[in-house]
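Read-outs: derived from the displayed coordinates by stated rules, not from any lab. Everything quoted here is computed from the prediction, not taken from an experiment. Backbone-built Cβ (ideal geometry, glycine too); neighbour counts: all protein chains shown.
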Amino acid sequence: MHCMVRGQSPADYMIMVPAAPENLNRLAERAHKILEAGNSVKNAVRLTRREEEVLDGILRSLANKEIANELNLSERTVKFHVSSLLAKFKVRSRMELMREASRHSVKSAAAPAPAPAAEIHQFTPHSVPYKKPMTTGKILPLARRMA
């Protein structure tokens with residue numbers, strides 16, 4: 001029976017139970033191989049182009065309706081893709097999906113599109129002569145409403 005803990009390596013553990021030396025032969029090597037196999041399986045999530053686009057919307061915390069508007073899809077289609085993503089990442093909620101997708105090396109999550117270069121304009125202050133408002137010294141009453 002094997003037990004793998006996410007994000008751990010064999011060097012993180014100390015054996016607390018006395019064991020015969022013949023039982024410990026190559027134990028660290030085996031544990032390391034098992035952890036490597038688990039990590040390689042974890043990264044094997046394949047997504048369609050639409051699933052990547054929907055996942056990108058989820059990672060930006062958009063609602064299904066907002067993702068649908070952005071991708072010109074129906075909200076029902078987006079829900080279908082979200083369900084498919086939840087199944088592929090083996091999670092139950094959008095928050096878990098966001099966490100797992102950020103851990104995996106997904107093209108859409110790992111390489112965001114670079115922002116277009118903006119033109120830089122030099123600021124030049126303009127001195128505009130403003131006229132002072134005329135002060136007559138009179139205070140005018142507000143108009144009364146007639147009921």
Segment 49-110: projected area of the alpha-carbon convex hull, averaged over directions, in nm²: 3.6
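Sequence gap at least 6, Cα distance under 8 Å: using those rules, report the relative contact order of segment 49-110 to the nearest whole percent.
37
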Under the 7 Å Cα-to-Cβ spin-label approximation, Ser83 and Ala63 lie apart by a distance in nanometres of 2.1
Cleavage-rule hits (trypsin sites (Lys or Arg not before Pro)) in segment 44-90: DSSP loop, at most 13 neighbouring Cβ within 10 angstrom: Arg46, Arg60, Lys90
Within straight-line cross-link reach of Lys33, aspartates and glutamates at Cα separation under 18 Å, skipping those fewer than 8 residues along the same chain: Asp12
